[in-house]
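The values are calculated or read from the model by the stated rules, or taken from the named source; none is laboratory data. All values reported here derive from a predicted model rather than from experimental measurement. Neighbour counts are summed over all protein chains in view; Cβ atoms, including those assigned to glycine, are modelled from backbone coordinates with ideal geometry. What goes into the accessible areas is simple: the full protein's heavy atoms, side chains included, and nothing from ligands, DNA or RNA. Shrake-Rupley method; radii C 1.70, N 1.55, O 1.52, S 1.80 Å.
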Amino acid sequence: MGIGSLTLPSPPQFVILSLLLLCAFGEAVDPFACDPKDAVTAGFPFCKVSMPMSDRVNDLVGRLTLQEKVRLLINGAAPIPRLGIKGYEWWSEALHGVSDVGPGTKFGGAFPGATSFPQVISTAASFNATLWEAIGRVVSDEARAMYNGGSAGLTYWSPNVNIFRDPRWGRGQETPGEDPVLAGTYAAYYVKGLQGNDGDRLKVAACCKHFTAYDLDNWNGVDRFHFNAQVSKQDIEDTFDVPFKMCVQDGNVASVMCSYNEVNGVPTCADPNLLRNTVRGQWKLDGYIVSDCDSVGVFYNTQHYTTTPEQAAADAIKAGLDLDCGPFLAQHSEDAVKQGLLNEVDINNALVNTLRVQMRLGMFDGEPSVQPFGKLGPKDVCTPSNQELALEAARQGIVLLKNSGVSLPLSHRRHRTVAVIGPNSDATVSMIGNYAGVACGYTSPLQGIGSYVKTIHQLGCANVACRDDKLFSAAIDAARQADATVLVMGLDQSIEAEFRDRTGLLLPGRQQELVSKVAKASKGPTVLVLMSGGPIDVSFAKNDPRIGAILWAGYPGQAGGAAIADVLYGTTNPGGKLPMTWYPQDYVSNLAMTDMAMRSSRRRNYPGRTYRFYKGPVVYPFAHGLSYTNFVHTIVNAPHVVTVPLDGHRRSGNATVLGKAIKVNHARCNKLSLGLQVNVKNTGSKDGTHTMLVFSTPPAGHWAPSKQLVAFVKVYVPARSEQQVGISIHVCKFLSVVDRSGVRRIPIGLHRIHIGDVKHSVSLEAATLGV
């Protein structure tokens with residue numbers, strides 16, 4: 001699809017300023033270490049690129065004093081002048097663009113801004129792994145450029161891959177949604193985009209956070225610093241840890257961040273079972289483990305997990321923590337060694353992990369300008385192609401929730417004047433959500449729609465809180481005059497944010513009243529556009545025949561207004577799908593955010609969480625999303641039986657096959673997959689990109705979810721044509737379930753595969769093979 005002059009923001013003045021400042025950037029930033037101009041330090045073995053990296057790391061660690069070592073255990077790592085090493089700030093963020101959160105990044109001068117992509121929850125709605133990796137590549141280009149200019153670091157504590165378990169969570173917007181396979185796939189592809197594909201060398205170092213079972217910030221008097229998440233082994237293995245495992249094993253991420261909360265009574269940053277045994281031991285993390293900011297201080301000062309600060313420092317490092325975001329380890333680790341609570345070799349092991357990442361980034365390779373990515377600079381930030389990708393990402397993330405009587409797309413001929421109403425109608429900064437930076441420029445919804453037709457603009461509410469009706473009458477009058485009405489409502493960071501969980505799911509204040517009154521007065525079609533990270537109960541609008549269409553735009557990034565207008569006018573055929581369930585308000589009325597159980601329980605009158613375990617009424621289900629055309633699926637080829645081979649020494653009579661479910665680690669999983677060939681036919685009159693989601697319903701049992709996502713793919717299908725799509729489903733990864741003991745098993749028997757309205761049954765059968 002072409003971008004066109006109507007939808008791409010014209011280059012902001014500061015992009016031109018950046019180009020003018022390029023001359024000032026001509027002088028290369030001095031090397032972090034191993035400066036070839038310093039004959040003394042450049043000759044150290046740890047500076048010799050020809051040596052094996054492990055030898056270089058060990059050489060450097062061996063030259064450090066204990067006092068120097070402890071000052072490298074924190075995000076604001078101290079310089080070591082005698083070895084020619086500068087100080088380094090580890091904390092930078094790049095959740096959906098280079099961010100100004102964290103002290104590692106500074107905007108201004110040659111870098112006044114960076115491309116701000118849609119918030120993660122919006123990008124996840126595209127279900128497009130190729131897009132996620134492409135965004136990661138652009139973000140890392142811009143991050144490297146800023147590093148080369150002395151304005152950023154190379155270690156980015158992104159993405160957030162926690163499960164969006166409760167719809168009220170203020171940080172749900174940062175995540176890829178409620179499904180663990182979706183979140184894990186997003187993590188792997190975004191990380192690949194950020195870190196690059198140059199073998200062991202890193203473009204930037206990504207970080208998957210917050211490990212684990214972290215999805216409450218501040219609700220009903222309980223905050224993340226005091227919360228002890230009581231989580232079953234089943235839910236840990238089956239839900240909460242899945243995205244992190246995929247991030248480490250499939251994405252090869254360079255870092256994992258532990259969270260503030262306790263899990264079953266143990267702070268995550270002090271739990272050797274989570275950090276040393278699981279992340280590094282089982283999953284084989286090649287990188288470092290970092291604390292959320294001041295987490296070590298929190299588990300000493302707030303959670304009172306240890307009686308002394310030295311014991312807290314020792315517990316964290318011995319558990320597997322390598323780096324502290326905060327001063328705590330620098331302040332107390334040396335005394336922990338002197339008191340015999342910690343061995344210096346434990347500190348050495350932590351430094352090996354952090355220093356190896358810095359060496360993989362090229363920080364000890366001397367002159368930055370002659371290294372890979374060393375030529376990136378201001379000219380590579382906020383480029384037209386980068387901004388075009390931000391626009392395309394926003395288009396792909398928009399979800400059409402309702403379209404009665406073909407209310408959309410709007411017509412240039414019939415809808416020449418459009419009333420644009422609502423507190424988010426002229427939004428700019430609100431469109432980029434949280435953990436954002438300074439955008440290259442903005443196109444608000446009002447500007448986007450105004451590029452197509454004449455507009456009449458009224459806010460209707462002064463802000464999203466919408467506490468009074470003072471502006472209602474002007475908005476109602478505008479709707480009476482216009483040929484069509486677009487209401488841009490929803491939330492912003494004043495309602496949902498870090499440390500700000502919602503109390504309910506309804507539109508804030510009197511927004512619902514405004515929408516209903518405007519829809520009643522409108523002389524043409526009324527379209528409701530919602531900006532939010534979390535789901536909203538808009539049952540009133542879903543059931544109101546005067547509201548013809550509803551779009552969810554999430555937080556669509558710097559070009560969000562252009563993308564919304566493109567969908568409203570049919571330049572873009574929407575293909576987004578909801579990455580989370582939209583529940584009715586009643587769902588949370590008596591549901592504690594602190595209850596971590598995923599599965600429903602009749603005994604407790606507990607509804608369960610997410611589409612995998614909740615079977616009650618919804619406003620809109622997970623994966624809901626309409627199009628301006630119609631797609632029909634036909635399964636062309638699929639097996640009816642798949643044999644699961646067991647190791648030869650396994651016998652069906654033992655615990656391997658318990659209740660007709662094989663332990664995954666007893667099966668020969670390597671290339672065991674279920675292959676499908678599916679025809680996707682576009683029976684409508686508009687070209688479109690279809691989001692094809694594949695679900696599986698395992699054999700009935702207490703362990704199993706009602707259904708689970710096992711694959712997804714994007715396919716472009718022109719009008720009245722069809723495309724064949726091949727899908728491969730890894731049996732052990734995606735057709736398995738987890739028993740109550742936290743053991744992953746493959747259910748033997750009939751699995752039902754769902755693709756839209758089409759169902760296919762496949763039987764999994766166990767077979768013992770010779771050794």
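See the values below:
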| item | result |
| --- | --- |
| Compactness index (Cα Rg / 2.2 N^0.38 Å), region 394-604 | 1.01 |
| Accessible surface of W703 - all protein chains present, 1.4 Å probe, nearest 10 Å² | 60 |
| Rule-of-thumb Rg ratio for region 275-321 [Cα; 2.2 N^0.38 Å; N residues] | 1.23 |
| Lysine pairs in region 394-604 with Cα atoms under 24 Å, if 8 or more residues apart or on separate chains | 15 |
| Descending principal axes extents, region 631-768, alpha-carbon based, whole Å | 58, 27, 19 |
| Axial C-alpha extent at least 18 Å, average Kyte-Doolittle at least 0.0 - helices from the chain (DSSP) | 180-195 |
| Local electrostatic count, I398, Cβ distance below 14 Å [Lys/Arg +1, Asp/Glu -1] | +1 |
| Relative contact order for region 340-453, counting Cα pairs under 8 Å that sit 6 or more residues apart, in percent | 19 |
| Surrounding net charge for P445, when Lys and Arg each add one and Asp and Glu each subtract one, Cβ distance under 14 Å | -2 |
| R609 - accessible surface, heavy atoms, 1.4 Å probe, Å² rounded to 10 | 0 |
| Heavy-atom accessible surface of the chain: percent carbon and sulfur, 1.4 Å | 50 |
| Contact order relative to length of region 401-555, as percent, for alpha carbon pairs under 8 angstrom and 6 or more apart | 29 |
| Dipole magnitude (debye, nearest 20) for region 394-604, charges at Cβ of Lys, Arg, Asp, Glu | 620 |
| Cα centre as origin, Lys/Arg/Asp/Glu Cβ charges: the chain dipole, Debye | 2620 |
| Estimated D of the chain in µm² per second, where Rh is the Kirkwood radius over Cα pairs and Stokes-Einstein applies at 10 °C, 1.306 mPa s | 58 |
| Environment charge of M53, counting only residues whose C-beta is closer than 13 Å and scoring Lys/Arg +1, Asp/Glu -1 | 0 |
| Average accessible area per residue (Å²) across the chain - probe 1.4 Å, nucleic acids and ligands excluded | 36 |
| Residue-averaged 222 nm ellipticity for the chain, from DSSP H runs of 4+ at -39500 (n - 2.57), nearest 500 | -7000 deg cm²/dmol |
| Cβ-derived FRET efficiency at R0 56 Å, Q677 paired with N343, nearest 0.05 | 0.45 |
| DSSP beta bridges in the chain [antiparallel fraction, %, rounded to 5] | 60 |
| Order of exposure, largest accessible area first, which applies to E392, E722 with probe 1.4 Å | E722, E392 |
| P(r) weight above 19 Å for region 695-758, C-alpha pairs, percent | 40 |
| The chain, relative contact order in percent, only Cα pairs under 8 angstrom and at least six apart counted | 14 |
